[in-house]
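For reference, the structure discussed in these notes is given below.
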Amino acid sequence: WMQQQGQQQGQQQQNWQQKGGAQQGWGNQSQGWQQQQQYQQEQLQKQQQQMQAARLQQQQLMEDRRRQMEEATKQKIAEHQAKIAEQKRIQQEMQQKKIEEQRIKMEEMRRKQAETKAVAGTRTALMKLRVANPENFEALKEELAKFLSENLDVCGSQKEAVQADVDKALETASQKVQAIKEQREKAEAARQEMARKKQEAIDKAKALCVELVQLTEVAEEAAKEFAEMATGFSQKPGLDNEDKVNRAAQPIEEAKTEAVNKIKACQEFLKGKAAELRSLPSAQVTPKKLAEAKKEGEDEAKEEGEKEEEAKKEAEPTQQLLQKIQIRIGAARSATDKEALSFKLAIQTALKKAAAMDEKKRIQAVFSKYDKDKDKLLNKREITVFTQREYNFTIPEEDFKAILGVLAPDGAKGVKAD
């Protein structure tokens, strides 16, 4: 607005200058100047009035705007307060509703928990019925009935299903208990039958064990007889040829064969009757418990009685006795095999010795044949005849001297037979 007023004053001054230029003379300028000042004052007053009016108008506008803003602010505050109050009311309603929902939910939860607990308790009682037996079935039924009287109504929506499960479980348990009774009766009958068969098997095994003891004693006696005969074989005189050696060895060979066969019979008996012999009972070994006796005679009587009892126990057919018999059979077999090997070596030695004696006799006979002068020496002429007739060979003179130098040292007249 001020800029607009300045432009108007500039335009008026320019108009005045143009008017003043059109007048002539200095006198006219003074009058024009006064008119100009008056005009400017009027314009200034008019401008001040306009400015005052504009200021008042602006103040009025600002006051109106302030009042509008205050009213708008008050309205906003009122609206905000109303909104807060509405929100608070809504929150309170929601909180109250939530509390009510939580209360209903908690009541429902407690009801469901009680229902679940009652159902779980029923299931636990039914689980016990699954392992019922004739001894505890009635007690479990009473326990279940008591639990149901206190908790069945609490099962709520599951009451009918629980009752159906209970009825089914009771029926199943009753059938199971009855089956157990029947099974026990059958098992008892089977046990008695098994005990009877076991006793029969034990009696048969004991009889076989006694028979095996007898066979073992016979085999041990045969093995002992063979060992005694084989031991004396090498000490027999007159075994100077193969025929005598074979004739002397014949009864020992027969004794060896008999011992081996009897031991083999024991082993085959063990092998063939192994299944039956497994039924032998084990020996009931108990530690000795003797009280101190006041008199020496009583102690001796007790010790004698214990020895007799132990001897009876050792003779009783048991697994321990069978093991001892097996050891005895094995020992007899080992001893017989060892003695048979020694006997075989003794026969071989005797045969070699007899063969050597036969060869010595043959050599002695040939030596005597060519020892014409019977001086027990073969001289040069007798050796020459021997080589020519026996080997169709004549020893050269130079070789003959070397042979005599070795076989007839110290100037001997000939070679000795040995």
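The values are calculated or read from the model by the stated rules, or taken from the named source; none is laboratory data. The model shown is predicted, which means the values in this text are computed figures rather than measured ones. Neighbour counts run over all protein chains shown; Cβ positions are idealised from the backbone, glycine included. Note: areas computed on protein heavy atoms with side chains; ligands, DNA, RNA excluded. Shrake-Rupley method; radii C 1.70, N 1.55, O 1.52, S 1.80 Å.
Brief remarks follow.
- For Ala169, net neighbour charge (Lys/Arg +1, Asp/Glu -1) across residues whose Cβ lies under 14 Å away: +2
- Rounded to the nearest 10 Å², the accessible area of Met69 at probe 1.4 Å: 120
- Using the 1.4 Å probe convention, the accessible area of the stretch 29-186 works out to 81 Å² per residue with neighbouring protein chains retained.
- Peptides 271-277, 189-195 ranked from most to least packed by the mean count of surrounding Cβ atoms within 10 Å: 271-277, 189-195.
- Sequence of Val210, Val119, Val260 from largest to smallest accessible area, 1.4 Å probe: Val210, Val260, Val119
- Summarising the label geometry, the points placed 7 Å from Cα in the beta-carbon direction at Ile104 and Ala195 lie 7.2 nm from one another.
- Solvent-accessible area, 1.4 Å probe, carbon plus sulfur percent, for the stretch 356-408: 59
- Label-point separation in nm, Ile84 to Glu316, each point 7 Å along Cα→Cβ: 10.7
- Debye, to nearest 20: dipole size of the stretch 47-172, +1 on Lys, Arg Cβ, -1 on Asp, Glu Cβ: 960
- For the stretch 76-229, the carbon plus sulfur part of the accessible surface works out to 55%, probe radius 1.4 Å.
- Additional length obtainable on full extension of the chain from Lys372 to Glu397, 0.36 nm per residue less Cα span: 6.8 nm
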